[in-house]
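Report on the following structure.
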Amino acid sequence: MTIEKSVKAVEVVALDMDPPVVMQETASVREVLQAMQEKRSGCALLCSEGRLSGIFTERDVLSKVIGKKGILDRAVSDLMTPDPISVEENAPIRWAILHMHKGGFRNVPVVDTDGNVVSCVRHKDIVHYLVDYFAQHVLNLPPDPNNLPETPEGG
């Protein structure tokens, strides 16, 4: 299967994704940051009544938290991105890539048909998939395929 066919056919749920940080949107910024640090995650998916309601990322930390007094005790719902773009678990990988590309996202929540959080696909998950299944195409390319060495390297 080609890379193009693969990203159109393989479902997002087939990616090797780490378990996401999932918390209630009523949690404090401090609690969410602690959970993100403990799980070494770049984002937290926030829920209300069991359904995805927002996302809080490391970009939010840099732009909305650092340098602000008293912000850590506020509800994360005040700072999260509400109603984030998500993909359903049975959607092709292509959709996650398109959302990442168009929106400039590094994390796209994965939900079931009822809107419950299943996982979170990261840009790294997609790169790992491509390298694992298409290593011969990905790993053998020079940084600039048109820039070939004039002489062999080595001794």
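We did not get these values from a lab; they are worked out from the coordinates using the rules stated. From a predicted model like this one, the values you see are computed outputs, not experimental measurements. Positions of Cβ are backbone-derived with ideal geometry, glycine not excepted, and every protein chain shown enters the neighbour counts.
Between the helical axis of 29-38 and the longest alpha-carbon principal axis of the chain there is an angle of about 40 degrees. To the nearest 10 degrees, how steeply does helix 93-103 sit against the main Cα axis of the chain, on a 0 to 90 scale? With both axes taken from Cα atoms, the answer is about 70 degrees. Mean residue ellipticity, 222 nm, helices only, the chain: the sum of -39500 (n - 2.57) across DSSP H runs of n ≥ 4, divided by residue count and rounded to 500, is -7500 deg cm²/dmol.
Extending 7 Å from Cα along the Cβ direction at Arg74 and again at Gln34 yields two label points whose distance is 2.0 nm.
Taking a straight line from the alpha carbon of Lys124, these lysines sit under 28 Å away, with near neighbours fewer than eight places off in the same chain left out: Lys5, Lys8, Lys39, Lys64, Lys102. Applied to the range 77-85, the Karplus parametrisation 6.51 cos²θ - 1.76 cosθ + 1.60 on θ = phi - 60° returns per-residue 3J(HN,Hα) values of 4, 6, 10, 6, 8, x, 6, x, 5 Hz, with x for Gly and Pro. Just the ratio, please: alpha-carbon radius of gyration of the range 1-105 over 2.2 N^0.38 Å, N its number of residues. This ratio for the range 1-105 stands at 1.20.
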